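Report on the following structure.
None of the figures in this text is laboratory data; all of them are computed from the coordinates on show. Since this is a predicted model, take the numbers as computed values, not measurements. Counting neighbours? That spans all protein chains shown, and the Cβs are built from the backbone with ideal geometry, glycine included.
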Amino acid sequence: MKTMIAQSLKHLQDELPDGVKLVAVSKFHPVERLMEAYNAGQRIFAESRPQELAAKVPQMPSDVRWHFIGHLQTNKLKLVLPYVSLVQSVDSLHLLQAISAWAVANEKPVNVLLEMHLGAEETKQGLSEEEILDLLEKPAPEGVRICGLMGMATNTDDQALIEGDFKRIEALFKGLRAKNLPFFDELSIGMSHDWRLAIRHSATMVRIGTDIFGPREY
Ligand SMILES: *Cc1c(COP(=O)(O)O)cnc(C)c1O
């Protein structure tokens, strides 16, 4: 018998176009639930808190690919960078430079996405379009591969507002990809409530928590 999590994953996989990666956002959920997703074939998991990530990694099989999607403080890099295949949430030049220093010191290249600030919310997390353009004018800092952009749309039921956000990041993504920057290939947009819209706006990766695991317990 299929578990609820396995059924949700199956529905999502059936509906996602080929080539769009499904990132299972497992923050706040216990490892037993992650294992249900793993046993149903899911391999990419994302966490948003360094301690929680570091605690879960040794409890999960070693072929899991971990992404980090939360705000990352530079004093927490060692809890995150040894374990992840992608940091999706690089939201400042300061963080990018700290990641570079860690990558050089540890001789481990780090894949990142630049997080673009979208949406009307007061939370100012993310880089502006100008900051992203400036940053990509220069070669990436040593040891860092800038693999694309990540964004979170306004948290609203208003489809037009969400679509406006997605259009902005899509335009920037396409403009940058046309420059043939090394590694620059991924657009991570779309969560449980807006991923269908995101794939119409060129998402290559969707980050889905609630639609797989159910509501989070905070
Ligand atoms: C929590 C989170 C998600 C997943 O949100 P759901 O609505 O549960 O799908 C996606 N992206 C980021 C950056 C998150 O923090």
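Here the label points at Lys124 and Lys2, each 7 Å from Cα along the C-beta direction, are separated by 4.6 nm in the simple model. Here Lys179 and Glu107 are evaluated by their C-beta separation; at R0 = 22 Å the FRET efficiency comes out at 0.20. Net charge dipole, the chain: roughly 620 debye, given to the nearest 20, about the Cα centre with Cβ charges of +1 for Lys and Arg and -1 for Asp and Glu.
Karplus-derived 3J(HN,Hα) values for region 60-67, using 6.51 cos²θ - 1.76 cosθ + 1.60 with θ = phi - 60°, are 10, x, 6, 8, 5, 9, 9, 10 Hz; glycine and proline are entered as x. Net length available on complete extension from Met60 to Phe28 is 10.0 nm, with 0.36 nm assigned per residue and the Cα-Cα distance removed. Peptides 101-109, 87-95 ranked from most to least packed by the mean count of surrounding Cβ atoms within 10 Å: 87-95, 101-109.
Using C-alpha pairs below 8 Å separated by at least 6 residues, the relative contact order for the chain is 20 percent. Pairs with C-alpha atoms separated by more than 24 Å, drawn from the list Lys10/Lys167; Lys56/Lys76; Lys56/Lys108, are Lys10/Lys167. The alpha-carbon of Lys174 sits under 16 angstrom from the alpha-carbon of none of the lysines, leaving out residues fewer than 8 places away in its chain.
Mind listing the long-range amide H neighbours of Tyr83? Cut-off is under 5 Å, sequence gap 5 or more, other chains count too, H placed in the peptide plane at 1.01 Å from N. So Tyr83 has HN proximity to no qualifying residue. Each peptide among 200-212, 159-171 gets the average number of other Cβ atoms lying within 10 Å of its residues, and from highest to lowest they stand as 200-212, 159-171. With a/c under 1.5 counting as rounded, go ahead and sort region 101-214 into rounded, prolate or oblate using the C-alpha gyration tensor (a ≥ b ≥ c being the square roots of the eigenvalues; past the cut-off, prolate if a/b is larger than b/c, else oblate). Judged from the Cα gyration tensor, region 101-214 comes out prolate (a/c at least 1.5, a/b above b/c). One decimal place: the segment Asn75-Met35 gains 11.4 nm when fully extended, by the rule 0.36 nm per residue minus the C-alpha distance.
Long hydrophobic helices in the chain, taken as whole DSSP H segments with a C-alpha length of 18 Å or more on their own axis and mean Kyte-Doolittle hydropathy at least 0.5: 93-106. Taking amide H as placed 1.01 Å from N in the peptide plane, the amide H of Met205 sits under 5 Å from that of Lys21, Leu187, Ile189, each at least 5 places away or on another chain. Ranking Ala203, Ala101, Leu135 by how far each Cα lies toward the positive end of the dipole of region 4-212 (charges on Cβ) leaves Ala101 at the top.
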